[in-house]
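Rule-based calculations on the coordinates, nothing more; no lab input. The model shown is predicted, which means the values in this text are computed figures rather than measured ones. All Cβ positions, even for glycine, are placed from backbone atoms using ideal geometry, and neighbour counts span all protein chains on display.
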Amino acid sequence: MEATTDAAMDTVIRNASLPDGRRGIDLAIAGGKIAAVGPALPVRGAQEIDAAGDLVSPPFVDAHFHMDATLSYGLPRVNQSGTLLEGIALWGELKPQLTQEALVERAMRYGDWAVARGLLAIRTHVDVCDDRLLAVEALLEVKRRVAPYLDMQLVAFPQDGVLRSPTALANLKRAIGMGVDVVGGIPHFERTMADGAESVRILCEFAAEQGLRVDMHCDESDDPLSRHIETLACHSHRLGLHGRVAGSHLTSMHSMDNYYVSKLLPLMKEAGVAAIANPLINITLQGRHDSYPKRRGMTRVPELMAAGIDVAFGHDCVMDPWYSLGSGDMLEVAHMGLHVAQMTGQDAMRACYAAVTETPARILGLDGYGLAPGCHADLVLLDAASPVEAIRLRAARRMVMRRGKIVSESPRAVARLNLPGRPEQADFRLR
């Protein structure tokens, strides 16, 4: 689709490279949407931005995060063992001390970081096991405040187990009634495997009744017999939830018998269940009870992708009881993911880039996402020529655009040198 010379355009981005490999492409923007995409668009009178051959990408999307816990590292103390279970215990200690004001302030600050990194959509789980639902109220307020520049999708997450915690199911239903978007769960944290399976049934049936999506922390364990993803796929298929369900983490799959996995993957594909891996956190929390050889911790990403299952990467945590690092950079997540999964071929690395952009957008059901005419003009201009180079360099975000308006800018990453007989600048790109 091409713009005509008399079309009223607000902005045109010239000479861009796109994630699909096209180069020398212009993108014309009008009314907050992409109006035309093609080479040398005949647009006049609009603001012009020279991409200079750099990559223009749709924004990054984080399919799995915990914004209620973010930036709380060290409160009330540091996770000394580095385990998932100590992190959960720490969060339980912190919950009585939480205030709505502090929750909002930390989440808003993280939202600033996200926008600066070109991360414009986040699915965040919010704990509903506190009867006060302070975190739910706080994140609903944050969602309202950031709506002009950041899409937030909230998951009602019963951190302590929807059956294990006496009021969790009632609280989850209250949270949905307050405006939370997605039904969550944590079957592997229930008291028994049978309770875990029952929790999946209850939550999927509730989601089907309400017409909601499902995203469960599922089998975040090194135990190969933690097989709740099978139950999740079964109920998704039984209830007709195809394309609306995701299993997050799925780390037990890294230890499962290969024959069992050969049955499991077709079940997930048949049920339209997506997988969300969290490379930074999976590689950190899992395998803690191993000596050597030590398991990698992440689920079977290449095999899931090869089976035709949507696989996204999430950041999961930034500076909270489970993870002491992070800055909201989804390129760091993709970088870790491709290393852990040994996905170093060119197509595989591009698939890892898609796992932090278009695939999570599809899992979240984001409307108007992408670079085609008619999509929202939500874009990131990166200091890189391709998705692979962007991952390699964790490229600077030269410009972040939301609905056609520039919301963040960063300089190129160039070092000035003073070395005899050498150039004055070190450019980390291979031009």
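Mind checking which of I176, A107, I122 is farthest towards the positive end of region 60-364's charge dipole, using Cβ charges of +1 (Lys, Arg) and -1 (Asp, Glu) about the Cα centre?
Of the candidates, I122 comes out farthest on the positive side.
Out of every Cα-Cα pair in region 60-364, what percent are more than 25 Å apart?
Value for region 60-364 (Cα pairs over 25 Å): 43 percent.
Which order do the peptides 392-398, 263-269, 417-423 come out in when sorted by mean C-beta neighbours inside 10 angstrom, highest first? Spell out each step's value before the answer.
Working: 392-398: 20.6, 263-269: 17.1, 417-423: 7.0.
The densest-packed peptide leads the list: 392-398, 263-269, 417-423.
How big is region 113-165 in terms of Cα radius of gyration and Dmax, in angstroms?
Rg, Dmax (Cα atoms, Å): 12.8, 39.
Show me, for region 297-312, the HN-Hα J-couplings you get by feeding each phi into the Karplus relation (A = 6.51, B = -1.76, C = 1.60, θ = phi - 60°), rounded to Hz, glycine and proline as x.
Ordered by residue, 3J(HN,Hα) equals x, 8, 5, 7, 4, x, 5, 4, 4, 5, 7, x, 8, 5, 10, 10 Hz.
Would you calculate a helix-derived [θ] at 222 nm for the chain, using -39,500 (n - 2.57) for each DSSP H run of n ≥ 4 and dividing by the full residue count, to the nearest 500? Could you put the intermediate results ahead of the total?
On the way: 13 runs with 142 residues, N = 431.
-10000 deg cm²/dmol, from helical runs alone.
Would you mind calculating the gained length between S327 and L85 on full extension (0.36 nm times residue separation, minus the Cα-Cα distance), in nm to one decimal?
Using 0.36 nm per residue and subtracting the Cα-Cα distance, I get 84.8 nm.
Tally the DSSP beta bridges in the chain and give the antiparallel ones as a percent, rounded to 5.
For the chain, the DSSP antiparallel bridge percentage is about 40.
Between L393 and R431, what length in nm is gained on full extension when 0.36 nm per residue of separation is reduced by their alpha carbon distance?
Taking L393 through R431 to full extension adds about 12.3 nm, to one decimal.
If each residue's Cβ is checked for other Cβ atoms within 10 Å, how do L41, L225 rank with the fewest at the top?
Details: L41 24, L225 12.
Starting with the residue having the fewest Cβ neighbours, the order is L225, L41.
List the residues whose amide H sits under 5 Å from the amide H of A36, counting only those 5 or more places along or on another chain, with H placed 1.01 Å from N in the peptide plane.
It is A28, by chain and number.
Sort D215, D257 so the one with the fewest other Cβ atoms within 10 Å of its own Cβ comes first.
D257, D215
Specify the inter-centroid distance of region 341-412 and region 200-256, based on alpha-carbon positions, in whole Å.
Cα centroid of region 341-412 versus Cα centroid of region 200-256: 28 Å apart.
Helix 134-146 against the longest principal axis of the chain: what's the angle in degrees, Cα atoms only, rounded to the nearest 10?
Tilt of helix 134-146: around 10 degrees.
Aspartates and glutamates within cross-link reach of K95: Cα-Cα under 15 Å, excluding same-chain residues under 8 positions apart?
Those aspartates and glutamates meeting the cut-off are D68, E86, D127, D130, D131, E137, D160, D320.
Modelling each spin label as a point 7 Å along the Cα-to-Cβ direction, I'd like the E105/D223 distance in nm, to one decimal.
Reported label-point gap for E105 and D223 is 4.0 nm.
Name the trypsin sites (Lys or Arg not before Pro) in region 124-194 that are in a loop by DSSP and that have at most 14 other C-beta atoms within 10 Å, would you?
Answer in residue order: R132, R191.
What ranking of M343, M108 emerges when the number of other C-beta atoms within 10 Å of each C-beta is taken as an exposure proxy, fewest first?
M108, M343
Over region 60-364, what is the mean sequence separation of C-alpha contacts under 8 Å (at least six apart), divided by residue count, expressed as relative contact order in percent?
Over region 60-364, the number comes to 21 percent.
Less than 19 Å from a label point 7 Å out along the Cα-to-Cβ axis of R145: which backbone N atoms in region 170-191 qualify, by residue?
Residues 179-180 fall inside that zone.
Per residue of region 229-236, what does 6.51 cos²θ - 1.76 cosθ + 1.60 with θ = phi - 60° give for ³J(HN,Hα)? Whole Hz please, x for Gly and Pro, Karplus curve as stated.
Values, residue by residue: 5, 4, 5, 4, 5, 4, 6, 4 Hz.
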